[in-house]
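S.K.: Questions regarding the structure given below will be posed in turn.
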Number of protein chains: 2
Amino acid sequence: MKAVVHVMLKPGVLDPQGEAVRHALGSLGFGGVEGVRQGKVIELDLAGSDAEAAEVEVKQMCEKLLANTVIESYRIEIA
Amino acid sequence: MKAVVHVMLKPGVLDPQGEAVRHALGSLGFGGVEGVRQGKVIELDLAGSDAEAAEVEVKQMCEKLLANTVIESYRIEIA
């Protein structure tokens, strides 16, 4: 079974990486970019086949390791 | 208008970051994780309102900056 976790900075948290990308795009001539936010996408191959148990476990993984819940939010998709 | 770009390593390309996450999850007691792949998700706020023109422009952004097309593949969503 596959789980996909999207981790993004919470709104209002400064995103220096996104700002750097925006400036770089501007210097490459892409003018119409008003904002850039960059996050992580993590694909997990899980051994089990129980989607609900997997969601609970992946949520624990996010809380413990995959996301810094002080400044980041996460979204879990079980496929 | 918002565009979301998902950048992942191509299949077959070694993912040391994913491996590190897998080991860390194992040491935290999450045993059933067979594989981890980590990539980037980039949210772009674009000034225009023409979705097709935006897709073409974002594709150029990916080719020039957002993705290393030798080892990474990308997927664009225009919202």
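S.K.: Just checking, does the stretch B:67-78 include any residue being open to solvent by 40 Å² or more (accessible area, probe 1.4 Å) and touching a Cys at 6+ places or on another chain (Cβ under 7 Å)?
M.R.: yes
S.K.: Taking the condition of being open to solvent by 20 Å² or more (accessible area, probe 1.4 Å) and either in contact with a helix residue (DSSP H, G or I) (Cβ under 6 Å, 6 or more places away or on another chain) or charged (D, E, K, R) (or both), how many residues in the stretch A:30-42 meet it?
M.R.: 4
S.K.: Let me ask you something else. Residues in the stretch A:9-29: is at least one open to solvent by 50 Å² or more (accessible area, probe 1.4 Å), within 9 Å of chain B (Cβ to nearest Cβ) and in a strand (DSSP E or B)?
M.R.: No, the stretch A:9-29 contains no residue that is open to solvent by 50 Å² or more (accessible area, probe 1.4 Å), within 9 Å of chain B (Cβ to nearest Cβ) and in a strand (DSSP E or B).
S.K.: A further question follows. Hey, among the residues in the stretch A:51-66 that are in contact (Cβ under 8 Å) with a residue 12 or more places away in the chain and among the aliphatic types (A, V, I, L, M), which one's most open to solvent (accessible area, probe 1.4 Å)?
M.R.: Checked the stretch A:51-66; the qualifying residue most open to solvent (accessible area, probe 1.4 Å) is A:A51.
S.K.: Take the conditions over 27 Å from A:K10 (Cα atoms), within 11 Å of another protein chain (Cβ to nearest Cβ) and exposed (fewer than 15 other Cβ atoms within 10 Å of the Cβ) and apply them to B:G48. Does it pass?
M.R.: No, not satisfied.
S.K.: Are any of the residues in the stretch B:66-78 acidic (D, E), within 25 Å of A:M61 (Cβ to Cβ) and part of a loop (DSSP other than H, G, I, E, B)?
M.R.: no
The values are calculated or read from the model by the stated rules, or taken from the named source; none is laboratory data. This one's a predicted model, so the numbers in the text were calculated from it and none came from an experiment. Every residue, glycine as well, gets a Cβ built from its backbone with ideal geometry; the counts of neighbours run over all protein chains shown. Accessible surface areas use protein heavy atoms only, side chains included; no ligands, DNA or RNA. Shrake-Rupley method; radii C 1.70, N 1.55, O 1.52, S 1.80 Å.
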